[in-house]
Amino acid sequence: MSEPLKAAFIFIAPEADPAKDRQWVKTPMVHLLAVGVSNYDQAAALAKELVQKEGIGAIELCGGFGTLGTAKIAASVKVPVGVVRFDIHPGLGNASGDTLFV
């Protein structure tokens with residue numbers, strides 16, 4: 001059996017703290033780390049750290065990341081980056097992260 005995929009799900013929410021707002025879910029084939037951040041800059045720094053220090057091989061972003069935020073995170077790492085798509089996110093007052101964090 002091969003090693004499980006180490007992946008991350010990064011969600012964006014006001015006042016999220018990636019140092020404490022995080023949790024691993026481990027199955028036999030996937031180890032997923034869910035982490036909250038409060039802005040795009042924090043997400044980009046976190047993505048780099050997770051790839052370098054945790055060996056994360058894939059990142060999924062929540063729907064709060066707009067196209068600009070997704071591009072910023074994808075440019076910060078050399079692993080696949082996917083995104084859940086909401087053009088307006090209910091957790092961000094029905095706004096795109098692009099209108100709040102760019």
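The values are calculated or read from the model by the stated rules, or taken from the named source; none is laboratory data. The structure presented is a predicted model; accordingly, all values stated were derived computationally and were not measured. Glycine also receives a Cβ, built like all others from the backbone with ideal geometry; neighbour counts cover every protein chain displayed.
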* Pull up the range 73-88, narrow it to residues that are among the charged types (D, E, K, R) and more than 25 Å from residue 26 (Cβ to Cβ), then point me to the one that is surrounded by the fewest Cβ atoms within 10 Å (Cβ to Cβ). => 87
* To do: Output the residue which, of all residues in the range 60-102 that are assigned to a strand (DSSP E or B), out of contact with any Phe, Trp or Tyr (no Cβ under 7 Å at 6 or more places or on another chain) and within 16 Å of residue 39 (Cα to Cα), is modelled with the highest pLDDT.
  => 61
* Kindly provide the set of residues from the range 1-45 that are under 9 Å from the mean Cα position of the chain (by Cα) and under 16 Å from residue 101 (Cα atoms), ordered by number. => 10, 11, 12, 36, 37, 43, 44
* Asked: touching a residue at least 60 places away in the same chain (Cβ under 8 Å), crowded, with 18+ Cβ neighbours inside 10 Å and either of a type outside the set (Phe, Trp, Tyr) or over 19 Å from residue 4 (Cβ atoms) (or both): does that describe residue 101?
  -> yes
* To do: Take the range 46-72 and flag every residue that is over 19 Å from residue 21 (Cα atoms) and crowded, with 18+ Cβ neighbours inside 10 Å.
  => 66, 69, 70, 72
* **Candidates 47, 34, 16, 7 - the one that is closer than 15 Å to residue 62 by Cα, touching a strand residue (DSSP E or B) at 6+ places or on another chain (Cβ under 8 Å) and in a loop (DSSP other than H, G, I, E, B)** => 16
* Quick one: would you say residue 11 is in contact with a Cys (Cβ under 8 Å, 6 or more places away or on another chain) and not aliphatic (A, V, I, L, M)? -> yes
* **Filtered residue count, the range 1-41, keeping only those that are within 23 Å of residue 88 (Cα to Cα), surrounded by 18 or more Cβ atoms within 10 Å (Cβ to Cβ) and out of contact with any Ser or Thr (no Cβ under 6 Å at 6 or more places or on another chain)** => 9
